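Nothing in this text is a laboratory measurement; each read-out follows from the coordinates by a stated rule. None of these values were measured; they are calculated from a predicted model. With ideal geometry, Cβ positions are generated from the backbone for all residues, glycine too; neighbour counts draw on all protein chains shown.
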Amino acid sequence: MTWLSLLLLGVAVVDLVRGRWPGPVVPEAVGALVVLVLGALVGVGPAGIPALFGAALVVVAWSLLVRVAIAPSGTALASLLALAVLGGGVVLALLVSPLAPAAGGPWQRWASDLPWTVAAGDPDRLLLVIALGGVQLATGNLVVRLVLAATDTAAPEIIDSPDHPPTELKGGRLLGPMERLVILGLGLAGQVTAASIVIAAKGLLRWPELQSPREQAKVHQLTEYFLVGSFVSWSLALGSLALVAV
């Protein structure tokens, strides 16, 4: 899983950096550099250099396509292409995972010094868990946003009255990463039932919002927006759990 972990770490870093430095070049350069540097730290040998540069290339391509997709002139096709690059990179990394070297080098020595027995005994799994945790943050929000754009699911305006001008839902940008991390953490701890309770609780907490619009058309629009975004977000967290279990 080394290639997959490095790829996901690069994607997570490039998306986090883009949130702070939205300009071009810097996020892509940092993301690619993270892949290459971490590759050296986990002991990738000369035979793995082509795969390492391939992962860095996927990170850069993902970032560039995301820029196009989230721009004001972005199209559904651009969103689909960005998702295809990320999904294709993950699938390819999974396919070649039997050829990937085990995490060693300075990374293995650092993991062996940690107080956690699991981390010391399986540095590959530790690297993957860290990568998947990073993906739940900015990358998870972007994946949800791209899927909504690709399916033409518009963000609804939930307040529409003379006293309260139309307002878009914004809490999901923070709640999304939080719920995905909670689901991932509970799943890793073996508390899958507790993770399902978190999912159910979110639906109950959103219920007043689904009832707040006055017009029935807006109720349907808000319900669709909430369901599509939530299921994509949950799928990302649950898919991460599945990758750890592979």
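Quick rundown of the values:
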quantity	calculated
Pairs of alpha carbons in region 2-109 whose separation is greater than 16 Å (percent)	57 percent
Counted charge near L81, where neighbours are those whose Cβ lies closer than 15 Å (Asp, Glu -1; Lys, Arg +1)	+2
Full-extension gain in nm, V244 to L227, via 0.36 nm per residue minus C-alpha separation	3.5 nm
Net lengthening on full extension, W21/A102 (0.36 nm per residue, minus Cα-Cα)	25.8 nm
Average Cα contact separation per residue, region 1-150, under 8 Å, 6 or more apart, as relative contact order %	38 percent
Full-extension gain in nm, V37 to M178, via 0.36 nm per residue minus C-alpha separation	47.9 nm
Residue exposure sequence - D122, D152, D15 - by fewest surrounding Cβ within 10 Å	D152, D122, D15
